[in-house]
1. Counting other C-beta atoms within 10 Å, and keeping those with at most 12, which DSSP coil chymotrypsin sites (Phe, Trp or Tyr not before Pro) do you find in segment 1-103?
2. May I ask you to compute the full-extension gain from Arg102 to Ser83, defined as 0.36 nm times their residue separation minus their alpha-carbon distance, rounded to one decimal in nm?
3. Counting only Cα atoms, I'd like the Rg/Rh figure for segment 1-144, Kirkwood definition for Rh.
4. How far is it, in nm, from the label point at Phe17 to the one at Asp142 when both lie 7 Å from their Cα along the line to the Cβ?
5. Taking the simple approach of a point 7 Å from Cα along Cα-to-Cβ for both Val7 and Phe194, what is their distance in nm?
6. Would you calculate a helix-derived [θ] at 222 nm for the chain, using -39,500 (n - 2.57) for each DSSP H run of n ≥ 4 and dividing by the full residue count, to the nearest 500?
7. Less than 14 Å Cβ to Cβ from Ile121, Lys/Arg counted +1 and Asp/Glu -1: what total charge do the surrounding residues give?
Amino acid sequence: MRRAQAVQYAVSLALLFGLWQLLIWLFSIPPFILPAPHRVLLTLCTDQELIASAAAFTFRNALLGAAAGCLLGLGISLGCALSPQLRWVVSPYLAIFQSFPRESLFPVFVLWFGFGAVTKILNATLLSMLPMAVISLNGLLDTRPEYLQLVRGWGASHWQELIYCRLPNAVPHITGALKVCIPLALIGSVLGEFIGGSEGLGHLILSSGAAFRSDRVFAAILVLAVFGTSLVELIAMLQNRFLQRFANE
């Protein structure tokens, strides 16, 4: 299955590059507006140290933010699943955070914490926390009533009910939330670099665009796309293996 999907991605990428090159030939697009695919790949090789350094900064902040956001979101969902009273208090805040663009808080983080890595990590944390909290809570609360009645009939406590009944049922929701949170954390980190700072792929894209280095802009975008897609596919692979193992048991 993984090999078939790799072939699918390779064919799709080849078609994209072919269409890209065809548009350049048909409309005589100058390189500073839309570089040819081979120019982008050449830039990845010639500027690999610059791009790798920027990517390391961005990916580190995104992964730290994703880890913090997912843990916080999962903690909120577990607490709300255990306590209806806590769920009653927290639910309005979850609804409020869903109703406005959370990116609008990024300038506030810059005002409070400056232009360093902390701001980027907080941006990634903020964007990834809410999807994890909402999606995993739905999974925890969506457990079939007959399962709950069964474990309650055995005298299970609220914690045992959560661990042995609700949590296994929520695993597909949690892994699905991870597929949403990882790209959002990456977006949060890059947007933070757009707002301010002197490191990362976001800053590299802005500075390269100002210098009309569109080849470097597209090279940075390609690195972001490959990294985000690879993480999502890794999560999907781990999810499938876990569910197969769980089904066999």
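Computed from the coordinates by the stated procedures, all read-outs in this text should not be read as laboratory data. Just so you know, these numbers come straight off a predicted model, no measurement behind them. When we count neighbours, we look across all protein chains shown, and the Cβ atoms used for this are built from the backbone with ideal geometry, even at glycine.
1. Working: sites: Tyr9, Phe17, Trp20, Trp25, Phe27, Phe32, Phe57, Phe59, Trp88, Tyr93, Phe97; in loops: Phe32.
Filter output for segment 1-103: Phe32.
2. Gain on stretching Arg102 to Ser83: 4.2 nm.
3. On the way: Rg = 21.7 Å, Rh = 19.2 Å.
My calculation of the ratio gives 1.13.
4. In this crude spin-label approximation the distance works out to 3.9 nm.
5. Going by the 7 Å Cα→Cβ label model, 3.8 nm.
6. Details: 11 runs with 207 residues, N = 249.
One gets -28500 deg cm²/dmol as the mean residue ellipticity at 222 nm.
7. That sum, taken over residues with Cβ under 14 Å, equals 0.
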